[in-house]
Structure formats: C-alpha cells, structure tokens
Amino acid sequence: MSTRVRIGIDVGGTFTHAVAVAEGSSECVARVRVPTTHGGESGVAGGIIDALESLLAAGEISPQEISRVAHSTTQATNALLEGDVAIVGVIAAGSGLEGMQVKTQTAVTPVELAPGRSFAPLHQFVELEEHSLPEIEVRKACQELMTQGAKAIVAATAFSVDDPSVERTICSIANDEGLLATATCDLTSLYGLAVRTRTAAINAAILPKMMETAERTEEAVRALGIEAPLVVMRSDGGAMDIKAMKARPVLTMLSGPAAGVAALLMAAGVDDGVFLEVGGTSTDISCVRDGRPEVKPARVGGHRLYLNTLDVRTVGVAGGSLPRVRQGAIVGVGPRSAHIANLSYASFTDEERPLRVLPFKPLAADPKEYVALAADEEATVAITPTCAANYLGTVAEGDYAKGHSPSVERAFAALANYLDCDAKEAARHIVDVGVTPMAKVIEELVEEYGLSLERLRLFGGGGGAGVWLPAVGERLGRPASVVEHAHVISAIGAALALLQETVERTLIDPSTQDIAAIRQEARQAVIKSGAAPQTVEVRVDVDSQR
C-alpha cells in the first residue's frame, strides 16, 4: 500500500488486537487478532510481535509506511492485581529534625494489592553530612537491600521537587550497584513526601517487569525493520514514548480503558456520554463531558497515589460471563467467564451431542453454582450473555458478537428444563440479572458528575458491546449505540492517541511568571517525547483549593 499508517495495538487479557489507521484520519485499513501471550518466553511482547507480523501481511504494509506504533496494555494493572511485583527498597536521606521526619514519612506501610497479597517496601535511612550525601553509606544501603532481595529502589528526600540533586545521586549510585531506581521527584512535582514515596514505590515495584517487556518489544519491532517511534498509552488517555514508559511504568495503569476513551473522542467524535467497553470477562464504564474524560486520583489498596487516571468503574459482567444458579433461579452473572473456565460459547459451537446443564466450579475456590453445558461428565460449552442475546435476536446483523450456531437453541432448551421455565424466559433472566450492576454504575456516574439522565447517551465498544448496549439502553430508557469497529476500539484509540505530559506544582499565590514557567516545562517535556513543536498545545488548570 502507498498510504502511511499509524499502528495501534491493544494487549487484552485474552486477545491482542492490532489495527492500521490511515495517517491523518481515523480510517481503519487493516486489523488482526491474536492470542495474548501471557505465559510465553517473551511475555506479552510475543503477542505484540505476532500481531504486528500478521497486520503487516494482512494490510500489505511495508515497515517504511508506518509513521508510529502505539500500544495499550493491562500489564501494570494485572501485575498489581496479581501481586506479581518486585521487592523494593526505599533509601531516604535527611539530617537533623527534618531527617527524623523524612525517616518516618518514607517508611511505606504495607499496601494490599489483592486478597492475601500485600506489598511492603524495605527501608534504609542515610544521614546527610553537612547537607552532603555520603556515597559510601548509600552504597552500603544498596548492598543491604540487595541481600534482602530488592530489585529496585526509591530515592526519597524532603524537598526534591525543588532540589532533586540528592535523589538523582542516590539513583545513580543504585544503578552502579546493579539496581533499577526511581526518584520521587520524577513521578510528581507535588509536595507531600509520604504520598510521593508511596507512588514511587508502586512504580519501582513494576519497573523490572515493565522494563523487560518494553525492551523486548522495542527490539522485536526494530527487528521487523520498523524505525517509526514506539509509544505507550497513559492512564489519562494520552501517550508517552517508550523511554518515558521505562522510567514511569505506573503511568500505564488503566491504559487499556484509556485507549478506548481516546478512540471515542477522536474516531467516534463523541463529546458527551457514558462509554461502556465490554470485553469477555469485565466491562469498563467511564464518563466523557465536553470532550474530556473524567479523571480522578489513582488508588492502590485504598491508598492514594500522586497519579491521575480515568475514572473507570469495572463491572464483572461482560460478553462471556457465566450464570450462577441457586435453588432453581439465576442469582448472578459473572464474575467468572467462559474464557477463565476454558469453555466455548454455545452460540459459536456446533455441538451435536445431547447437552445437559451441569453445575461446576470454574476455579477451585469458587462456589459450585456456576452452570454450563456438558455432553458427558465435564462442562465443555458455556451459556453466556452473548448466547442469550443471540437467542433473543437482539444482536444486530454483522455485529462482532453475532452467532449462528444451532447449539444455542438446544442450550436454552436444556437451561429451561433445568430451571423449569420457558427457554426465552431463561435467556431474559440472564440479561436482566446481568444488566443490573451496569445500570447501577451508570446511575452512580450520573449522580456524582451531575449529568442529565434525560439527555444521557450511551456508547459501547469492545467485542461484547452489541450484546449489552441494547439491554442497558432499555433498562435506563436512553439511546444506546455501538461505535464503528467496536471490537478493536482500544487499538484504534492507541493509534490515534496524542503524546501527552502532565506537570503539577503546588504554589502559594502563583504569579504570571510561575505559570509561564510551568507551561514551558510541560511543552518541553512533550517535545522531548517526540512531539513536533508546532503541534504542541498546553492547557493550564489552577485549583485554588489545593
């Protein structure tokens, strides 16, 4: 092909989607889907490369025609949720009374990442000698932390946002000792040492894994002959270059949902509404007002971080959710899905053997109230909301979720027999029970952000959007539509995302010169990431209460 393209890649929990979008437009010229390679030798980077190779072949795209490669990833979020983090040591420095306060404020209390999994950084304090940093003591601190298993360190001092020299020196020494390092001042310019240290510690905890993935991805992209810039989605809906991601991977938290919202704003041209990105296992719900997504301070384990992310509410109901039955009635849909249970959907399966409903446990710790279909003694076919919507005829022709298997008829006949009800009634029960938590979250967003329910519009993306949008719209009595190319919406969002940087300062009565300096700092930061100077726009927000 002769048109230059931007490549967008979305690394999801089940599949990695890749699209090629024509430069200067939102036209999708090629798209592919490959399994996400969580367990591969190269981790998720393997799936990224598989997707890239398939996309180049499918679109007949040469490496020279690519102007940029961008990807969104759930890896940072998944690492925190699964407790798959590195041991981190904090090296704090100070002197006198201030030093005692630094020592106390930088001792990060344990942070619960998931039930049964917590993150507790190690801690070392170095006394400054006449405000000078004793290098030998820092090296001893690094070596002591390494003997305790630390793979990354955090450098923390009281006022590094004004004078970063001590933190930068600690990081340099740590690098010499073979440790990855994060300075608190490189994550945020806000005062508040305790929160700044906690934010840096979370960043350091995922730094080794994210560095490895970034390096493998970059090496493989270059091996394909692609010289175009490589960027990664940020959690606030913007993008940053791969070098910035290696230093601040915590900024990629929620980058998957952020990519979907970016596409909603730029490709779909939506300025106001609630967006539901429906996957196979969960649905991410977010709000857009006046062309800007709503953001909020990020929290991990209930602890605030100095990091803004999209206000995304996740519901454990999606296209592949499994129904739960108790005492002959459907009492829930999800959070387990056909993907987790390794089952095929009835609406996409040609199973000719007689099927019966079988209660089972998708995972060992689950209650035995999930139901699926079995031809013998083991569940093999799932009855999902996608199956129910296809059976009821609410999935539009040509939609990604449209199924054509005759197995869906027999599936609901078996479920109706099991529940002692009509087959269509059984399908409606699945939809009615599953739509309730989605509608509740949307109503919460409407109330919190003062939206007008009478003027509210609902938009859907993701592979399961065609399943749930009609049901949610009907429940709330509001117009609901599935955006174009819904199943690859996050990949398109990654391709279209703008390079972005945020600079925050705490100033008492800021002068015009102060604001101009912050504006210039933000401008230079995004130019350093690869933005053309003539394309940079800077927006300044002043929060007088903070």
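The values are calculated or read from the model by the stated rules, or taken from the named source; none is laboratory data. Owing to the predicted nature of the structure, the values given are computational and were not obtained by experimental measurement. Ideal geometry is used to build each Cβ from the backbone, glycine not excepted, and the neighbour counts take in all protein chains shown. Ligands, DNA and RNA are stripped out before the accessible areas are found, and what is left, the full protein with its side chains, is counted by its heavy atoms. Shrake-Rupley method; radii C 1.70, N 1.55, O 1.52, S 1.80 Å.
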Residue in the stretch 368-377 that is in contact with a helix residue (DSSP H, G or I) (Cβ under 8 Å, 6 or more places away or on another chain), open to solvent by 30 Å² or more (accessible area, probe 1.4 Å) and without any contact (Cβ under 8 Å) to a residue 60 or more places away in the chain present: no
Contacts under 8 angstrom Cβ, first residue in the stretch 157-168 being closer than 10 Å to residue 196 by Cα and in a helix (DSSP H, G or I), partner of a type in the set (S, T, N, Q) and open to solvent by 90 Å² or more (accessible area, probe 1.4 Å), 6 or more apart: none
Extreme residue, surrounded by the fewest Cβ atoms within 10 Å (Cβ to Cβ), among residues of the stretch 100-114 that are touching a Ser or Thr at 6+ places or on another chain (Cβ under 7 Å) and in a loop (DSSP other than H, G, I, E, B): 110
First in the stretch 323-347 and assigned to a strand (DSSP E or B), second anywhere and among the polar types (S, T, N, Q), Cβ under 6 Å, 6 or more apart: 333/321; 334/321; 337/281; 337/321; 345/384; 345/386
Residue tally, condition in a helix (DSSP H, G or I) and closer than 15 Å to residue 8 by Cα, over the stretch 213-272: 15
Among the residues listed as 390, 342, the single one being under 23 Å from residue 463 (Cα atoms) and surrounded by fewer than 22 Cβ atoms within 10 Å (Cβ to Cβ): 342
Those residues of the stretch 439-483 which are assigned to a loop (DSSP other than H, G, I, E, B) and either closer than 20 Å to residue 263 by Cα or among the basic types (Lys, Arg) (or both), in sequence order: 456, 457, 462, 463, 464, 478, 479, 483
The stretch 289-321, residues that are buried (at least 21 other Cβ atoms within 10 Å of the Cβ), farther than 22 Å from residue 250 by Cα and not small (Gly, Ala, Ser): 315, 317
Close pairs from the stretch 449-463: first touching a residue at least 12 places away in the same chain (Cβ under 8 Å), partner of a type outside the set (A, V, I, L, M) and open to solvent by 60 Å² or more (accessible area, probe 1.4 Å), Cβ under 6 Å, at least 6 apart: 457/479; 463/400
Verdict on residue 418 being among the aromatic types (Phe, Trp, Tyr), closer than 20 Å to residue 469 by Cβ and outside any strand (DSSP E or B): no
Residues of the stretch 212-248 satisfying the condition of being open to solvent by 20 Å² or more (accessible area, probe 1.4 Å) and among the basic types (Lys, Arg): 216, 222, 243, 246, 248
